[in-house]
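The values are calculated or read from the model by the stated rules, or taken from the named source; none is laboratory data. Computed from a predicted model, the values in this text were never measured in an experiment. Every residue, glycine among them, receives a Cβ derived from its backbone with ideal geometry; neighbour counts consider all protein chains shown.
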Amino acid sequence: MLTALILWLQNTVPAVGFLVPALFFAAGIVLVIKGGDWFVDAAGAIAKMLGVPTFIIGATIVSLATTLPEMIVSVTAAAQSRTSLDAQGSIDMAIGNAVGSVTANTALIMALAFVFLKVVISRREYIAQSLLLIGAATVLWLGSLSGQLEFYASGILVCIFIAFMTLNVVNGKRAALPAEEKGVFTGRDVGKNVFLFILGADAIVGGSQLLVSGGGALAAALGVPERIIAVTLVAVGTSLPELVTTLTAIRKKESALSVGNIIGANVIDLSLILPICSLVSGQRLPVTPISITLDFPVCLGVILIAVLPLLIRQKASRAQGVLLLAVYAGYLALTVVPGV
């Protein structure tokens with residue numbers, strides 16, 4: 001419906017060119033990110049009102065929070081594939097956004113942290129998450145070599161997600177304070193948080209529709225495949241929360257950066273989003289040859305470049321960050337510029 005409206009506006013007022021879909025696209029990014037903030041803050045407050053322990057909130061809500069934009073956008077695109085005239089384009093948007101976000105998180109956002117910050121980690125704290133991330137990227141690639149995401153691969157990815165969430169809960173329980181009590185909240189607090197919860201959910205859903213429809217119309221206006229829009233503009237757009245956090249850390253000259261948050265967000269992106277997309281689309285997700293030969297291997301490659309030296313040395317190097325940025329620049333060139 002939104003895509004048809006955007007195309008109608010373009011045809012009715014041709015002078016605007018790609019301005020209309022670009023505006024819809026930008027509005028979608030704003031709504032998804034802001035709606036995610038409202039939704040997560042309200043969900044956390046409501047959980048405290050109900051007496052849910054803090055460690056459960058941190059291990060579940062916070063872990064899912066940074067992946068909420070990518071998840072809703074990809075699932076929305078997959079759902080639209082059932083009714084869209086360009087079903088493959090919608091699927092490409094779903095897959096490209098999920099995988100492209102992981103690539104952007106790793107080769108752009110984490111790379112900036114490596115270049116401008118002294119990132120030091122504890123191997124013991126990060127090894128399990130890192131191995132789950134590498135495993136998810138490997139399973140996704142190998143499970144798609146047939147040209148579609150196989151059911152067995154989706155099953156393994158869901159198991160990886162369950163293992164990741166279990167790990168979060170166990171680690172959170174170890175760090176939690178005992179005998180947590182319900183928070184004290186007024187009726188006004190309850191009403192405010194319920195309102196923000198509903199408003200945030202609506203903003204995420206509406207923004208995701210704008211983002212997917214605007215992105216599809218923008219691809220049509222520019223004459224490029226939806227996959228290119230998905231792995232570039234949509235992927236970076238839905239990764240803005242992580243990017244803003246990293247840029248803020250750089251500006252404040254903080255010595256430590258929660259690399260685990262980015263690693264955790266990547267695990268959820270790869271292990272949960274695409275299996276859900278397969279479910280809502282009602283079929284095995286068809287994967288294009290370019291995704292199999294370029295998007296998936298680059299995603300796995302940048303993860304290995306970022307994670308393995310970090311685990312071995314327990315600290316990142318500036319050269320590591322520069323290499324990741326160079327790989328990402330080359331990937332964008334291969335994706336966007338014909339013949340490169």
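Residue-by-condition table, conditions (1) within 30 Å of Val120 (Cα to Cα); (2) modelled with pLDDT of 90 or more; (3) assigned to a loop (DSSP other than H, G, I, E, B):
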residue: Glu254; (1), (2), (3): yes, no, yes
residue: Ile263; (1), (2), (3): yes, no, no
residue: Leu270; (1), (2), (3): yes, yes, no
residue: Leu274; (1), (2), (3): no, no, no
residue: Cys277; (1), (2), (3): no, no, no
residue: Val280; (1), (2), (3): no, no, no
residue: Arg284; (1), (2), (3): no, no, yes
residue: Thr293; (1), (2), (3): no, yes, no
residue: Cys299; (1), (2), (3): yes, yes, no
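Residue check: is Ser146 modelled with pLDDT of 85 or more and either more than 26 Å from Leu308 (Cα to Cα) or touching a His at 6+ places or on another chain (Cβ under 6 Å) (or both)? Can you show your working first?
On the way: modelled with pLDDT of 85 or more: yes; either more than 26 Å from Leu308 (Cα to Cα) or touching a His at 6+ places or on another chain (Cβ under 6 Å) (or both): yes.
Yes.
This table checks each residue for (1) under 19 Å from Ile273 (Cβ atoms); (2) surrounded by fewer than 20 Cβ atoms within 10 Å (Cβ to Cβ); (3) aromatic (Phe, Trp, Tyr).
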{"position": "Ala98", "(1), (2), (3)": "yes, no, no"}
{"position": "Ile121", "(1), (2), (3)": "no, no, no"}
{"position": "Gly155", "(1), (2), (3)": "yes, yes, no"}
{"position": "Val158", "(1), (2), (3)": "yes, yes, no"}
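Just one of the listed residues (Ala220, Ala203) is at pLDDT 70 or above and either among the basic types (Lys, Arg) or in a helix (DSSP H, G or I) (or both), and it is Ala203. Can you work out which of the residues in region 276-294 that are buried (at least 21 other Cβ atoms within 10 Å of the Cβ) and of a type outside the set (A, V, I, L, M, F, W, C) is farthest from Phe161 (Cα to Cα)? Within region 276-294, the match that is farthest from Phe161 (Cα to Cα) is Ser291.
Against the condition more than 23 Å from Val73 (Cβ to Cβ) and of a type in the set (D, E, K, R), how does Arg284 come out, does it pass? Criteria not met by Arg284.
The residue that is farthest from Ala107 (Cα to Cα), among those in region 306-324 that are in a helix (DSSP H, G or I) and of a type in the set (D, E, K, R), is Arg313.
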